[in-house]
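Have a look at the structure below, then the notes.
The values are calculated or read from the model by the stated rules, or taken from the named source; none is laboratory data. Fair warning: this is a prediction, and the values are worked out from it, not measured in the lab. Please note: Cβ atoms are built from the backbone with ideal geometry, for glycine as well, and neighbour counts cover all protein chains shown.
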Amino acid sequence: MSGLKIAFTAPMKPLDDPRPSGDRTFARLIVRALEDAGHTVRIASRLASWRKSGSELPEAEAAALAEAARVEADWRAEGYRPDVFLTYHLYHKAPDWIGPALSNAFDIPYAVMEASRAPKRVTGEWAFGFAAADAALGQADAVGAIHRADMGCLAAALPSDRLYLLPPFLDAAPFQAQHRIQPDASSTAAVRLLAVGMMRHGDKERSYQVLAEALRLVPAFDWHLTIVGDGPARPEIEALFPPHRCSFLGALPPEDLPAVYADHDLFVWPAIREAFGFVFLEAQASGLPVVGGATFGVPDVVADGVTGLLAPEGDVEGFAAALQRLLADAGLRQQMGVAASRHIRERHTLEAGATRVTAFLEAAIATHSKVGARSS
């Protein structure tokens with residue numbers, strides 16, 4: 001199939017949102033991968049439907065439908081009709097009303113990538129958003145989950161022929177281009193640990209707390225921790241760690257990160273409540289083994305026992321045991337680091353992502369072309 005005309009929206013967070021996050025990074029990478037593959041991507045709208053409380057979602061729906069009507073009028077005046085509409089990251093706090101409305105208005109395929117579904121939200125504060133998200137999923141010609149945990153929840157509401165697993169990916173080239181000097185297995189130098197994460201209250205702060213508690217359980221080992229990140233919880237987070245064994249670099253621009261990863265031996269991140277942890281892809285692309293929390297999609301991007309070691313989410317003792325094992329064995333760190341780089345190169349590159357997402361959109365188009373596809 002030749003290059004597609006793709007209309008794109010991200011109801012969770014628009015591509016130009018000023019706040020850095022893995023969500024924004026991955027959305028931008030999807031667009032880049034599609035453009036690199038020869039497709040034309042047009043941002044249909046930058047309106048975000050995400051709301052902090054469920055009571056605000058009816059107002060979000062009204063705004064989204066008004067936006068859809070505006071976009072429809074513009075497209076008709078211009079004579080623009082995309083081949084497919086792609087929505088990135090839809091769930092009960094960020095339903096999509098724009099994609100379904102425009103897909104219906106122009107009779108075009110509708111696809112959703114990084115969809116998630118939490119059945120416990122069918123009642124309560126988020127019931128309105130849950131129903132709206134389910135309505136969009138029900139209209140979709142193809143739905144992509146980025147990890148198996150989401151896949152399982154979506155399978156209860158979608159036919160199997162419209163549900164796809166689309167592992168996340170990154171531009172690995174800047175990380176792989178950095179030259180890493182592997183320390184000798186007999187080296188007595190401090191093991192250089194790295195953590196990268198925003199310093200927000202809530203789950204991010206809890207990840208730092210688990211990391212700090214785990215490090216206190218491995219006092220016999222010589223390590224130095226570098227932390228990249230900033231945010232409103234920084235004073236509380238800095239206080240968790242011994243200043244003589246830690247360096248705080250603050251927030252860094254993305255182009256500086258490959259060199260930082262390359263200057264370390266082991267990536268450590270508990271990943272409390274994270275979808276998959278984009279930083280795990282970056283670390284492994286840099287040839288770093290990882291110690292992480294087995295949260296949601298993390299086991300889908302980290303091969304436990306091969307490219308790193310995973311502990312149950314929030315398990316301080318388990319995290320410390322995994323950390324101790326890799327602190328004690330430089331040879332194992334090196335072996336896992338090599339495997340990590342290969343793992344990314346074989347499964348999670350921009351090129352691999354472009355191929356998977358293109359096939360996904362072509363499947364949505366094929367499904368839509370079937371008579372009565374949406375009503376089946």
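Flag: LEU257 matches the condition of being outside any loop (DSSP other than H, G, I, E, B), among the hydrophobic types (A, V, I, L, M, F, W, C) and touching a Phe, Trp or Tyr at 6+ places or on another chain (Cβ under 9 Å). In this structure, ASP96 does satisfy being in contact (Cβ under 8 Å) with a residue 40 or more places away in the chain, outside the structural domain of PHE278 (by TED's automatic domain parsing) and either assigned to a helix (DSSP H, G or I) or out of contact with any Gly (no Cβ under 9 Å at 6 or more places or on another chain) (or both). Of all residues in segment 106-124, at least one satisfies being in a strand (DSSP E or B) and of a type in the set (Val, Ile, Thr). Entry remark, segment 342-358: residues being surrounded by fewer than 20 Cβ atoms within 10 Å (Cβ to Cβ) and among the small types (Gly, Ala, Ser) number 1 in total.
With respect to the conditions (1) of a type outside the set (Gly, Ala, Ser); (2) in a loop (DSSP other than H, G, I, E, B); (3) closer than 18 Å to ALA94 by Cβ; (4) at pLDDT below 95, THR25 lacks only one, and its number is (2). Take the conditions (1) more than 30 Å from PRO174 (Cβ to Cβ); (2) in contact (Cβ under 8 Å) with a residue 24 or more places away in the chain; (3) not charged (D, E, K, R); ALA366 misses just one of them, which is (2). Screening segment 343-360 for residues that are of a type in the set (A, V, I, L, M, F, W, C) and touching a strand residue (DSSP E or B) at 6+ places or on another chain (Cβ under 8 Å) and picking the one that is nearest to VAL298 (Cα to Cα) gives ILE344. Selection of segment 235-250 for residues being surrounded by 14 or more Cβ atoms within 10 Å (Cβ to Cβ) and not acidic (Asp, Glu) yields ILE237, LEU240, PHE241, CYS246, PHE248, LEU249.
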